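The values are calculated or read from the model by the stated rules, or taken from the named source; none is laboratory data. These figures come from a predicted structure and were not determined experimentally. Every residue, glycine among them, receives a Cβ derived from its backbone with ideal geometry; neighbour counts consider all protein chains shown. Calculation scope for accessible area: heavy atoms of the full protein, side chains included, ligands and nucleic acids excluded. Shrake-Rupley method; radii C 1.70, N 1.55, O 1.52, S 1.80 Å.
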Amino acid sequence: MFDARSLLVYCTANQALRCAPIADRPHGGLVVAPHQGDEHGLLETAAYLLGRARFGAPLLLDAARYAGPDRMPARAPFNPRWLRRQRELGLPVLTDSGYVDAGDEAGLASILHRAMAIPDAIAVLPLHPAWLRDRLHLTRLTGHLRDAAVPVALVLEARADPFALPGCVPGLLALLGGATPVMLLRCDLSSLGALCHGAVAAAVGTVAALRHLAPRETDKIHPPATIFKPTMSYRRISAVQRAKRTRPDPRLWSCDCPACGGRELDWMAALDERAREVPAFEHAAAVLYELRDELLGAGLPLPRAARSWAARCADAASRERELGWAVTPMLRQWQDAGPNPVDMPMAS
Ligand SMILES: [Zn+2]
């Protein structure tokens, strides 16, 4: 279904045509969610991508019924028509799961149990972060995954980056050390950490709201941010502009990606805030694919990729300090987690 360790783009249907050329590459792919709940529109977009747009990389559809103010709970039944339509389009079948709250073990088991009955299904697991952070939850989760033996696609709930929360990275590594194929949906730079530790695929959101699962009560508007490669962190364009004034070294700030075309990264500051969204993502995607290829490109064995990812995180954190930025918590979490012990026994 995927090339090993694919980095996918996660977007909504209204963004899909713009994202398709970026995601249509080796070790690429696209995950598309409905725009404002319009599942019919999503299916039409998918048919267009596969037909006239000749999209050649893996394509997945996420019904995202676990998100938004009217989100479904984990026990909500799957919609058989939704599952069938994915199959008719020749796509991998992602379950239209509801949200698995902390402590809803029955809901978790119910999703996995129903997914087992669907041939070749990938069970979408939209999880409260306690499932990764709390030892008891994690033990139960790994037990259920082992019993069900179906591939899973995790979506993690958090107000911002779930991998900034203590315990989430070690929890993810525990899942990646098991036999169940795991992919991550709606994430950001931690997608690379997950791939270096054995995730089958990881999908990076185009905008902040698609880079995690926001809790139901939040309706926060995030200003556009993009990745500054030396610090491997998302930064607002205005923050880049301010930092550049303190260190005006063109080698540090200029970028050769198709969106920037050799300009210094704060060129986007000249655009109004809404117009920054597209180039901010195009630049971020170029950086992410570059990092993916640097970390995993030459068929590097996973333990080495994981070590090199931890080293990159340490380096990025020290560059943040040099620029007077607070260290991004995700970088510290990945640094502390170290290489996956399951993959460790090898001579370097
Ligand atoms: Zn760029």
Which one of G29, G37 is open to solvent by 20 Å² or more (accessible area, probe 1.4 Å), on the phi > 0 side of the Ramachandran plot and not assigned by TED's automatic domain parsing to the domain that holds R292? G37
Within segment 247-272, count every residue that is basic (K, R) and within 9 Å of the ligand (Cβ to nearest atom). 1
What do you reckon, is L195 of a type outside the set (V, I, T) and either open to solvent by less than 40 Å² (accessible area, probe 1.4 Å) or assigned by TED's automatic domain parsing to the domain that holds P73 (or both)? yes
Under 6 Å by Cβ, and 6 or more places apart or on different chains, what pairs join a residue from segment 190-202 that is under 14 Å from A337 (Cα atoms) with one that is among the small types (G, A, S)? A194/A202; C196/A305; C196/A306; H197/A306
Condition check: over 21 Å from V204 (Cβ atoms) and open to solvent by 20 Å² or more (accessible area, probe 1.4 Å). Does P21 satisfy that? no
Note on A275: of the conditions (1) open to solvent by 50 Å² or more (accessible area, probe 1.4 Å); (2) under 16 Å from R18 (Cβ atoms); (3) away from the ligand (no atom under 12 Å from the Cβ); (4) free of Cβ contacts under 8 Å to residues at least 60 places away in the same chain, unmet is (1)
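For segment 115-132, which positions are open to solvent by less than 60 Å² (accessible area, probe 1.4 Å) and outside any loop (DSSP other than H, G, I, E, B)?
A115, A121, I122, A123, V124, L125, P126, L127, A130, W131, L132
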Condition set crowded, with 20+ Cβ neighbours inside 10 Å and over 17 Å from A20 (Cα atoms), scope segment 278-306, selection nearest to the ligand (Cβ to nearest atom): answer is L291
So, E264, is that one under 16 Å from H27 (Cα atoms), open to solvent by 40 Å² or more (accessible area, probe 1.4 Å) and assigned by TED's automatic domain parsing to the domain that holds D249 or not? no
With the requirement that a residue be open to solvent by less than 30 Å² (accessible area, probe 1.4 Å) and within 15 Å of the ligand (Cβ to nearest atom), what does segment 207-232 give you? P224, A225, T226, I227, F228, T231, M232
Do you know which residues across segment 278-303 are without any contact (Cβ under 8 Å) to a residue 24 or more places away in the chain and of a type in the set (A, V, I, L, M, F, W, C)? A298, L300
